[in-house]
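Asker: Would you mind keeping the following structure in view while I ask a few things?
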Amino acid sequence: MLLRDEVQLLRSVPYFKHVDPCKLKLLAFASQRVTYNAGDELFHQGDGGDAAYVILCGQVDLLSEFPGGETKLGEAKCQSIIGEMSLLCDGPRTVTARATTPVDALRIGKECLSKVMSDSPRMGLEISRALAERLRTATSELDSSRMRHADPV
């Protein structure tokens, strides 16, 4: 895929819609194209966050481990970004990301994403909004999942 094509794909991701094209070129150039087969993990819950992933094609399940087993909290499809939360919070991964179909993605390193965010306040605002919505949804799903996994008293 050409750099120009990767820039267009990044622009289609809501986080990057208002980012300067030169910054998107830097992001595309500094990112790594990766592929996964169905069943492969992009990252595992508890691991340190070193990169975010822009899903170019395919589908990824977002899973959380509980004492009673694994629960699907959501999914990521084309033109979405995953893994950015642990980069922004400097914490461990809160979910496992597992490909459910073959996946092509751009792996964006922490330093590169931080640089582009610091140069683009609008992108920081878009990420904040998206994370707040994702947190609201995940909290609701997590509460429901905990209720299903709770031991009867």
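Asker: Only residues in the range 51-75 that are in a strand (DSSP E or B) count as the first member; pair them with residues that are buried (at least 17 other Cβ atoms within 10 Å of the Cβ) and of a type in the set (Phe, Trp, Tyr), Cβ under 9 angstrom, at least 6 apart or cross-chain, and list the lot.
Answerer: Pairs that qualify, where the first residue is in a strand (DSSP E or B) and the partner is buried (at least 17 other Cβ atoms within 10 Å of the Cβ) and of a type in the set (Phe, Trp, Tyr), are ALA51/PHE43; TYR53/PHE43; VAL54/TYR15; VAL54/PHE16; VAL60/TYR36; VAL60/TYR53.
Asker: Are any of the residues in the range 87-109 in a helix (DSSP H, G or I) and buried (at least 19 other Cβ atoms within 10 Å of the Cβ)?
Answerer: yes
Asker: To continue, here is another question. Looking at the range 117-131, is at least one residue hydroxyl-bearing (Ser, Thr, Tyr), open to solvent by less than 50 Å² (accessible area, probe 1.4 Å) and either part of a loop (DSSP other than H, G, I, E, B) or over 23 Å from LYS23 (Cβ atoms) (or both)?
Answerer: Taking every residue of the range 117-131 in turn, at least one turns out to be hydroxyl-bearing (Ser, Thr, Tyr), open to solvent by less than 50 Å² (accessible area, probe 1.4 Å) and either part of a loop (DSSP other than H, G, I, E, B) or over 23 Å from LYS23 (Cβ atoms) (or both).
Asker: Same structure again: Restricting to the range 92-114, name every residue that is within 15 Å of ASP50 (Cβ to Cβ) and either among the charged types (D, E, K, R) or at pLDDT below 80 (or both).
Answerer: Within the range 92-114, ARG93, ARG107, LYS110, GLU111 qualify.
Asker: Continuing with this model, one more query. Take the residues of the range 15-30 that are out of contact with any Lys or Arg (no Cβ under 9 Å at 6 or more places or on another chain) and open to solvent by 20 Å² or more (accessible area, probe 1.4 Å): which is modelled with the lowest pLDDT?
Answerer: ASP20
Asker: For MET1, which of the numbered conditions (1) assigned to a loop (DSSP other than H, G, I, E, B); (2) modelled with pLDDT of 90 or more fails to hold?
Answerer: (2)
Asker: Within the range 51-67, is even one residue out of contact with any strand residue (DSSP E or B) (no Cβ under 8 Å at 6 or more places or on another chain), more than 15 Å from LYS115 (Cα to Cα) and either surrounded by 14 or more Cβ atoms within 10 Å (Cβ to Cβ) or not charged (D, E, K, R) (or both)?
Answerer: Yes, the range 51-67 contains at least one residue that is out of contact with any strand residue (DSSP E or B) (no Cβ under 8 Å at 6 or more places or on another chain), more than 15 Å from LYS115 (Cα to Cα) and either surrounded by 14 or more Cβ atoms within 10 Å (Cβ to Cβ) or not charged (D, E, K, R) (or both).
Asker: Would the range 32-39 turn up any residue that is at negative phi and within 12 Å of the chain's Cα centre (by Cα)?
Answerer: no
The values are calculated or read from the model by the stated rules, or taken from the named source; none is laboratory data. Everything numeric here is computed off the predicted structure, so don't read it as measured data. Because the Cβ atoms are built from the backbone with ideal geometry, glycine has one as well, and the counts that use them run over all protein chains shown. All accessible areas refer to the heavy atoms of the entire protein, side chains included, with ligands and DNA or RNA removed. Shrake-Rupley method; radii C 1.70, N 1.55, O 1.52, S 1.80 Å.
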